[in-house]
1. Determine, yes or no, whether Ser326 is on the phi < 0 side of the Ramachandran plot and open to solvent by less than 10 Å² (accessible area, probe 1.4 Å).
2. Report, by residue number, each residue of segment 284-299 that is open to solvent by 20 Å² or more (accessible area, probe 1.4 Å) and more than 15 Å from the ligand (Cβ to nearest atom).
3. Please go through segment 101-129 and give me each residue that is of a type in the set (Val, Ile, Thr) and touching a residue at least 60 places away in the same chain (Cβ under 8 Å), ordered by number.
4. How about segment 70-99: which of its residues are open to solvent by 20 Å² or more (accessible area, probe 1.4 Å), in contact with a strand residue (DSSP E or B) (Cβ under 7 Å, 6 or more places away or on another chain) and within 14 Å of the ligand (Cβ to nearest atom)?
5. For segment 37-53, how many residues meet the condition of being open to solvent by less than 30 Å² (accessible area, probe 1.4 Å) and within 9 Å of the ligand (Cβ to nearest atom)?
6. Inspect segment 376-389 for any residue being in contact with a strand residue (DSSP E or B) (Cβ under 9 Å, 6 or more places away or on another chain) and surrounded by fewer than 19 Cβ atoms within 10 Å (Cβ to Cβ) and give the result as yes or no.
7. So which residues in segment 154-198 are open to solvent by 20 Å² or more (accessible area, probe 1.4 Å), closer than 21 Å to Glu339 by Cβ and touching a residue at least 24 places away in the same chain (Cβ under 8 Å), if there are any at all?
8. Of the residues that sit in segment 221-245 and are in a loop (DSSP other than H, G, I, E, B) and under 18 Å from Asp499 (Cα atoms), which one is nearest to the ligand (Cβ to nearest atom)?
Amino acid sequence: MDGEGALMSGSRLASGSRVAIIGGGIAGAGMAASLLFNGRARGSALDVRVYERGDEPDRIAPPAVLTAECRSRLAALGCRVPPEWRAHELRGVEILAGGNREVVPASPGGLWVVDGWPHGQGGMALVREVLVGAATAQGARFIPRRVERVENQPASPDAPAAVRKNGPLVVRAQGSGERFHAVALATGSSPSLGECFFEGFRPAPTVAAVQARLRHASPRLVMAPVARLWLAPLPTVDGLLLLPGTHSVYALAFGPAVTPADLCQSLMMAARDGLVEEGFELMGLETTRLPFGPGRTLVSPGQIAVGTAAFGHPLQLGLSETLASSSRAAVSLLDAGLEASALERRYVREGIAELLEDSAAGARSLAWLRRAGARAPRAFVTARGRGTTTGQGSNGVLGLATPTPMALLGSARWAGLRELLSSWMRTTMEPMPATIPSLEPDLYYIVDDDPDAREAMTQLLESTGARVVAFADELALFCAVARRPPTAILLDVVLHWVDGLRLCEGLKQHPLTRDTRVVVMSGLNRPHVRQRALDAGAEAFLPKPVDAEKLLRLLMGTGNDTYEKPRTHREPTVYAPSPSGRGLG
Ligand SMILES: Cc1cc2nc3c(=O)[nH]c(=O)nc-3n(C[C@H](O)[C@H](O)[C@H](O)COP(=O)(O)OP(=O)(O)OC[C@H]3O[C@@H](n4cnc5c(N)ncnc54)[C@H](O)[C@@H]3O)c2cc1C
């Protein structure tokens, strides 16, 4: 570093050098602690400042999954891991796909699920707090500001010495601008600064995800719980992760085009299949992004990207990869100097090369796991026997010791090819549930988020002596139909979490629920809505306000309506709205 603060060849961080870290999450706080600790070990007292934008107030942080390696890395960074974090240990991870399931056991002392929600913070916030505590104890300063960009602006020769000595990199954050010798980006997989970090910066690609919490009415202590990964429950969902906490289950659905409705529908299916408790309450539903492979350009003079801003994949649940990248980045900045080529060699090629490879393999394995269909769970078990972790920070997927992402990719690819070949030779036999409960006569389900409509239709049907169960919230529907199939379901289209047309399709696609009659009703009396309802398998479409007489005739098969009865293949019937305008709902 010349007296002018500009980055000269062989530039190194020295005592008094200023380092900024953008993002005070797991990677950022971890890097701050490592920089100060390792700097001090090299006789350099650094000035480390961490910019953290702060989370949206009502955001619920996910639980944290701590492997033995995560815990030792946290301890190495000066964190005290509270013993009570051990309270919730996972027995393993159950992998489900195409009706098959396999449990991949965790190694002893393996997987701790840390979580304080709903009484306290989500586990990730608790771990972050411990890391921030350790970094602050080492001398890091946390600045509650959102960073907009970083500019490489060496001070002009005639600039005051105080300016010239503070380094060429200017961090712009909410109206402030401060100079630093080095800047690290640790903003996670949320939308990144992109080229505002440095020109040509290529962060980790990301994939869409939706997360939420399932709250149980009363806490459940499940002996030796397992996490669950349901692969390809829906065409739009590559994976649904279910992570049991003491007072809730954390749910995460990911896929290129995943939506909140996709997560809700997958959870309804999970409840139907006994993977989550029925009657759960959905909280904290929000969209997010997950890293999906390695970033391509992660360093520039004096600048470096760490954590999930640099790499990751949706099956990487543990924190050790992220913490490993933070420590390697800190040591690279201290030892390799600030030149891009030196950082590229020391950090990217020597420090995190394997983590980058693993994240690529982890991301690619998802497509092959989808192709493998019902063979996918077995592919995880087979992969366990192949390739072991090298201990260089590369870990198994899902926080497990094995399989490693590379081994999983190999095994998933093979399973995918075999599935492809055998699918040419066979007709798809759908797994039939052992028993299909018989349909309950005179039992009707009404699914409508409008209390008046629900009330009116309930009264009408009960006046005929029928039994009615009304659902204000559709989340329990699949479960209820699978357990007690009613004579028919009256299904509104516009609902709280998932639209009624998708639910109708979902009901008609599963052997446990497909034979239940579904009548769709809606104020959206448009040809395309009517057609979609019939294509989804509805027996009839009733425009709102519903004509009570016609509804009874349809359900009870009484009266001599002018329109013809549905033909054998139950040609669906489209009814005109009740002429009197008076009707139900
Ligand atoms: C359920 C679950 C799923 C997981 N999925 C994955 C996964 O798919 N892949 C993976 O690698 N790891 C995953 N993990 C592991 C773990 O979550 C991550 O490794 C870890 O959170 C990444 O830490 P980070 O610091 O990179 O990002 P984060 O912990 O997200 O921290 C980023 C921080 O930067 C801040 N920030 C963002 N932009 C700015 C800005 N402009 N200015 C200032 N601050 C900013 C944010 O507020 C945030 O605090 C998962 C863990 C769990 C429990």
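The values are calculated or read from the model by the stated rules, or taken from the named source; none is laboratory data. Keep in mind that this is a model prediction, so the values were computed, not measured. Ideal geometry is used to build each Cβ from the backbone, glycine not excepted, and the neighbour counts take in all protein chains shown. Remember, those area values only see protein heavy atoms, side chains included, never the ligands or the DNA or RNA. Shrake-Rupley method; radii C 1.70, N 1.55, O 1.52, S 1.80 Å.
1. yes
2. Matches in segment 284-299: Arg296, Thr297.
3. First, the residues of segment 101-129 that are of a type in the set (Val, Ile, Thr): 103-104, 113-114, 127.
The answer is Val103, Val104, Val113, Val127.
4. The answer is Trp85, and nothing else.
5. Total satisfying the criteria: 2.
6. Scanning segment 376-389, I find at least one residue that is in contact with a strand residue (DSSP E or B) (Cβ under 9 Å, 6 or more places away or on another chain) and surrounded by fewer than 19 Cβ atoms within 10 Å (Cβ to Cβ), so the answer is yes.
7. Answer for segment 154-198, where residues must be open to solvent by 20 Å² or more (accessible area, probe 1.4 Å), closer than 21 Å to Glu339 by Cβ and touching a residue at least 24 places away in the same chain (Cβ under 8 Å): Pro154, Arg164, Lys165, Asn166, Arg179.
8. Thr236
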